[in-house]
Amino acid sequence: MTERRVIDGRDLVPPEPLELTLATLDTMAPGENLYLLLHCEAAPLYTILRRNGYPFSKKWLEDGTNEICITKA
């Protein structure tokens, strides 16, 4: 079973969550998922993901966290 990869960017200063996310995606196998937790929208990241063909979904959790699930292309 593959471990769940999570980056908790809620207490990080931009652009740290973006940089960590892109670096982590580089180390992942195709089909693997990465979960990024933020307190904001990640518009610059969404643009990069779309441009590079990474499928992603996002949902707001009850505590105000934006959970973004990115699948390694």
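Readers should treat all values here as calculations from the given coordinates under stated rules, not as data from a laboratory. All values derive from a computational prediction rather than experimental measurement. So basically every Cβ, Gly included, is an ideal-geometry build from the backbone, and we count neighbours across all protein chains shown.
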Which ones in segment 1-23 are of a type in the set (Ser, Thr, Tyr) and over 18 Å from Arg50 (Cβ atoms)? Thr2
Inside segment 45-73, can you point out the residues that are in contact with a Cys (Cβ under 9 Å, 6 or more places away or on another chain) and hydroxyl-bearing (Ser, Thr, Tyr)? Ser57
Scan segment 1-43 for residues that are touching a residue at least 40 places away in the same chain (Cβ under 8 Å) and in a helix (DSSP H, G or I) and jot them down. Thr21, Leu25
From Ala43, Ala29, grab the single residue that is more than 15 Å from Glu67 (Cα to Cα), exposed (fewer than 12 other Cβ atoms within 10 Å of the Cβ) and aliphatic (A, V, I, L, M). Ala29
